[in-house]
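One structure below.
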Amino acid sequence: MTYLEIEAFLAVIEHGTLTQAADHIFISQPALSKRISLLEEELGFRLIERQKGSRSITLTEKGKAFVPIAGRYKDIWLETEQLKRHTARERFVIYSSDGPHLYFLSQVYKKLMDLHPELSLKLCTAVYTECFENVQKRRADIAFTGADYHYKNVLSTPAYGEKMHFICRKDSHYPATVHPQELNAGDAVFSPYSTEFTNWFSYWCHSLETPRVEAHLIAQVEDFLSSLHPDIWTIAPTSVMRRFLQDPRLTTRPLQCGPPDRVVYVVRRADKHSPYIDDLLVLLRERISQMEDVTLLLPPL
């Protein structure tokens, strides 16, 4: 008993005549009749009463009883074919702020997907505490954050450090080398990359004037730099700076007494062991080795 034979029988039931049934499944009428005959031979009983001169078909009693069985057979066959085509994928969830996701780790993610075609990757953007909480609650397999916190059963390890850079417009009035005392907070586009950077900014920009823009989405920082007045400025880590400087209107200048390197931590559960995490960290090491002004902080393998 084959799917083609069942398909032919059900087509006859649906359309009422052999001619219309054959047209519906795109075969000749003799071919359709042959399929039904083969099905009857295998079943050991007739399904259709053959009446000369009659275009409509009449089912035998066993033929009527076989209709629902044929329907179930077709459904099972189709479900089986769908199962053959279905590729089971392993879900791997990564939490991070937008900076590592967009400007540093995207190439690492692509290589991980190439290495593991069975992987279904979910990237979630969240603030640092939410990253830790989702790892602790097993909603995330791994996370990357710009701050270190202490959560039960969660490991936090420094992954890499990035130098921080002063970025401004090419038509600005800043000197060749900039000192923080020469900067006005009211001209700043500020983004809280790390606790250390936030403390540095508060120390040097301690006037009553608040930043011109505080943006927690880094893509917005770039937009404001190119759209506001010439003396607008920001400070960003290496990976972000490289993206920003693709805009021909922006440049970077040496900064005296600059902020400490921005450290990114890799966060995972102490009891979580996964080949995907291992491979992700190997790829991350390779990525870091290819970049200047980025320091590998992960312990040796």
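Kindly indicate whether Leu123 is among the hydrophobic types (A, V, I, L, M, F, W, C) and out of contact with any His (no Cβ under 7 Å at 6 or more places or on another chain). Step through it out loud before you land on a result.
Values: among the hydrophobic types (A, V, I, L, M, F, W, C): yes; out of contact with any His (no Cβ under 7 Å at 6 or more places or on another chain): no.
No: the conditions fail for Leu123.
Output the residues belonging to region 133-148 that are in a helix (DSSP H, G or I) and in contact with a strand residue (DSSP E or B) (Cβ under 6 Å, 6 or more places away or on another chain). Explain how you work it out, then say what you get.
Taking region 133-148 first, the residues in a helix (DSSP H, G or I) are 133-136.
Asn134, Val135, Gln136, listed by residue number.
Name every residue in region 253-271 that is surrounded by fewer than 17 Cβ atoms within 10 Å (Cβ to Cβ) and either assigned to a strand (DSSP E or B) or over 25 Å from the mean Cα position of the chain (by Cα) (or both), in order of residue number.
Let us first name the residues in region 253-271 that are surrounded by fewer than 17 Cβ atoms within 10 Å (Cβ to Cβ), namely 253-254, 256-257, 260, 270-271.
Listed by number, the residues that qualify are Arg253, Pro254, Gln256, Cys257, Pro260.
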> Restricting attention to region 1-27, which residues are under 49 Å from the mean Cα position of the chain (by Cα), farther than 22 Å from Glu81 by Cβ and open to solvent by 60 Å² or more (accessible area, probe 1.4 Å)?
Replying inline: Gln20, Asp23
> Looking at (1) more than 30 Å from Thr234 (Cβ to Cβ); (2) crowded, with 20+ Cβ neighbours inside 10 Å; (3) touching a Phe, Trp or Tyr at 6+ places or on another chain (Cβ under 6 Å), can you tell me which one Trp77 breaks?
Replying inline: (2)
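Just wondering, is there one or more residues in region 33-40 that are open to solvent by 60 Å² or more (accessible area, probe 1.4 Å), out of contact with any Pro (no Cβ under 8 Å at 6 or more places or on another chain) and more than 17 Å from Trp77 (Cβ to Cβ)?
Filtering region 33-40 down to residues open to solvent by 60 Å² or more (accessible area, probe 1.4 Å) leaves 34, 38.
Now drop any that are not out of contact with any Pro (no Cβ under 8 Å at 6 or more places or on another chain), which leaves 34, 38.
Narrowing further to those that are more than 17 Å from Trp77 (Cβ to Cβ): 34.
Yes.
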> Tally time: how many residues in region 287-301 are in contact with a helix residue (DSSP H, G or I) (Cβ under 8 Å, 6 or more places away or on another chain), under 19 Å from Ile142 (Cα atoms) and either touching a residue at least 24 places away in the same chain (Cβ under 8 Å) or in a helix (DSSP H, G or I) (or both)?
Replying inline: 3
>> Condition first: touching a residue at least 12 places away in the same chain (Cβ under 8 Å), surrounded by fewer than 18 Cβ atoms within 10 Å (Cβ to Cβ) and among the charged types (D, E, K, R). Now tell me which residues in region 131-162 satisfy that.
In response: Arg138, Arg139, Asp148, Lys152
> Which is over 30 Å from Leu297 (Cα atoms) and not polar (S, T, N, Q), of Asp148, Asp231?
Replying inline: Asp231
> Since Asp278 meets every condition but one in (1) assigned to a helix (DSSP H, G or I); (2) farther than 24 Å from Arg139 by Cβ; (3) without any contact (Cβ under 8 Å) to a residue 12 or more places away in the chain, which condition does it not meet?
Replying inline: (2)
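Tell me, please, whether a residue that is open to solvent by 70 Å² or more (accessible area, probe 1.4 Å), outside any strand (DSSP E or B), among the charged types (D, E, K, R) and free of Cβ contacts under 8 Å to residues at least 24 places away in the same chain can be found in region 83-102. Full working, then the answer.
If we filter region 83-102 for residues that are open to solvent by 70 Å² or more (accessible area, probe 1.4 Å), which is where we start, we get 83-91, 102.
Of the ones still in play, those that are also outside any strand (DSSP E or B) are 83-89, 102.
When the remaining residues are screened for being among the charged types (D, E, K, R), the result is 84-85, 89.
From what is left, the residues that are free of Cβ contacts under 8 Å to residues at least 24 places away in the same chain are 84-85.
Looking through region 83-102, at least one residue is open to solvent by 70 Å² or more (accessible area, probe 1.4 Å), outside any strand (DSSP E or B), among the charged types (D, E, K, R) and free of Cβ contacts under 8 Å to residues at least 24 places away in the same chain.
How many residues are in contact with a helix residue (DSSP H, G or I) (Cβ under 6 Å, 6 or more places away or on another chain), within 20 Å of Asp293 (Cα to Cα) and not β-branched (Val, Ile, Thr) if we restrict to region 147-173?
Here is the first cut: in region 147-173, the ones in contact with a helix residue (DSSP H, G or I) (Cβ under 6 Å, 6 or more places away or on another chain) are 147, 149, 151, 154, 160, 162-163, 165, 167.
Imposing the further condition that a residue be within 20 Å of Asp293 (Cα to Cα) reduces the set to 147, 160, 162-163, 165, 167.
Narrowing further to those that are not β-branched (Val, Ile, Thr): 147, 160, 162-163, 165.
Qualifying residue count for the region: 5.
The values are calculated or read from the model by the stated rules, or taken from the named source; none is laboratory data. Owing to the predicted nature of the structure, the values given are computational and were not obtained by experimental measurement. Methodologically, a virtual Cβ is constructed for each residue, glycine included, from the backbone with ideal geometry; neighbour enumeration extends over all protein chains shown. Accessible surface is based on the protein model in full, side chains and every heavy atom, while ligands, DNA and RNA are left aside. Shrake-Rupley method; radii C 1.70, N 1.55, O 1.52, S 1.80 Å.
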